[in-house]
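Visitor: I'd like to ask some things about the structure below.
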Amino acid sequence: MKYPLRAAGMSLAGCGPGRKAGGGPQWLGWPGGITVNGSAALAGAPWDGLVAEFREVILKMRPRADAELIERACDVAARCHEGQLRQSGDPYITHPVAVATILAGLDDISELDDQTLCAAVLHDTVEDTPYTMVALRREFGARTAAMVAEVTALDRLGRRPGRNAAQVLTTIISADTRVVAVKLADRLHNMQTMQFLPEAKQLRKAREVLDTFLPVAQQLSMHTIRSQLQALACAALIRNQPLRPPRRRVIVALDIESSTSRPDPVKAELRTMLYELFDAALRSAGIGARRRGRFTDRGDGLLALIDPADQARLVNLVLPALGQLLTSYNANLPHPDGRDRQLRVRVVIHAGNVHDDDNGYFGEALDAAFRLLDAPLFKAALREAHGPLLLVGSANVDDPGAPYGPDRAGDTASHRPVTAEVAGRQYRGWIHIPTETA
């Protein structure tokens, strides 16, 4: 059993009532199991239509299949699962029948035979119903019983607490190819109907597909099932990570000049000081941790999201203070290696809607800010500048008092336009050298 069952109607005190032609229900040989000597013994059963349709589908896909044997397996499984429902509300027998139908349609595995299809139909009977392995072996032979036992063992291995994905993968790949095919078809049908499961379980099942079932299908060259499993797993992961409403934020991204050319110990110093000095500049303007989001690391810089209400403080107080702190820090570096430890920073200020999920922040507004920050013209301007701080102010930051913008673009010495394209849209900003650090 992979998904929880819901009981409907009778209790599973046995494997289900047998129905003789024209007669009422009777319990069949428990605990010795079910004995079925042909489908005639089940005439009039509520699952007759499903069994007949299944037989027709199997023969269409595999004309040489032993239809009587497979139909008998379906009869037994239907009786065993009678009264059980899937989370969707469908009779449980629809699941093993679907698994066998998936297998019958595969051309990837040459070893698939009638016993494999029987094992697929019966794969949950021993684990989820009173049907015994002894009865299964007597009715369908040792090969089919062994495959059902192996499928059950693989199920239990996957549910074992503290299991290691690599160990599970190794065990599955080393199993009988036919057994693995049943297991893959079983997971495929469960993925096709997983919308009825809780969100957390959908995510877990989808990740199991990525970790275990896709590598197994690839190893066995079962490309059809692999492709479908991957599509369903990815769809489940996306579906269960709904898009949250965005929030408008002032985006501040800072990058350290020439960080990649510095040795790691120097990078560590520069990163530490960038965080500390920028935080100090924010605090000096009254923007504490409660008034901004947590800093997000960018490797050679950082990202800060500020409430739009603090935009004027950011432009008029924080950036001048940061420039002064950087100038003071660089001036007090020890010689002779002080020049190699100079902290010079590019800053972009942009505004827009920012999305977030469990993995962090994202959105077109962030992409635009980072493109402006990394514009070659902006990098070249910092190399030419004398001060430690250079700013790109985006046109999206609507602040009449800002020391940059289209009304000041005529001052080409300290205001140069720069553009970036994101998702087919042009974003414009102006390079500004703050007077306090020039």
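Visitor: What is the order of L373, L302, fewest Cβ neighbours within 10 Å to most? Could the numbers behind the result be given before it?
Guide: Numbers: L373 24, L302 20.
Result, fewest neighbours first: L302, L373.
Visitor: What is the fewest-to-most order of D340, D155 by other Cβ atoms lying within 10 Å of their Cβ? Could the numbers behind the result be given before it?
Guide: On the way: D340 12, D155 16.
In order of increasing Cβ crowding within 10 Å: D340, D155.
Visitor: First check a/c for segment 247-432, with a ≥ b ≥ c the square roots of the eigenvalues of its C-alpha gyration tensor; if it is under 1.5, answer rounded, and if not, answer prolate when a/b is larger than b/c or oblate otherwise. Please report the intermediate quantities before stating the final value.
Guide: Values: a/c = 1.45, a/b = 1.25, b/c = 1.16.
Verdict is rounded for segment 247-432.
Visitor: Something else now. Which ordering of F295, F378, F196 is given by a fewest-first count of other beta-carbon atoms within 10 Å?
Guide: Neighbour counts put them in this order, fewest first: F196, F295, F378.
Read the figures in this text as sums done on the coordinates, not as results from a lab. Source: prediction; values computed, not measured. Reconstructed Cβ throughout: ideal geometry from the backbone, glycine too, with neighbour counts over all protein chains shown.
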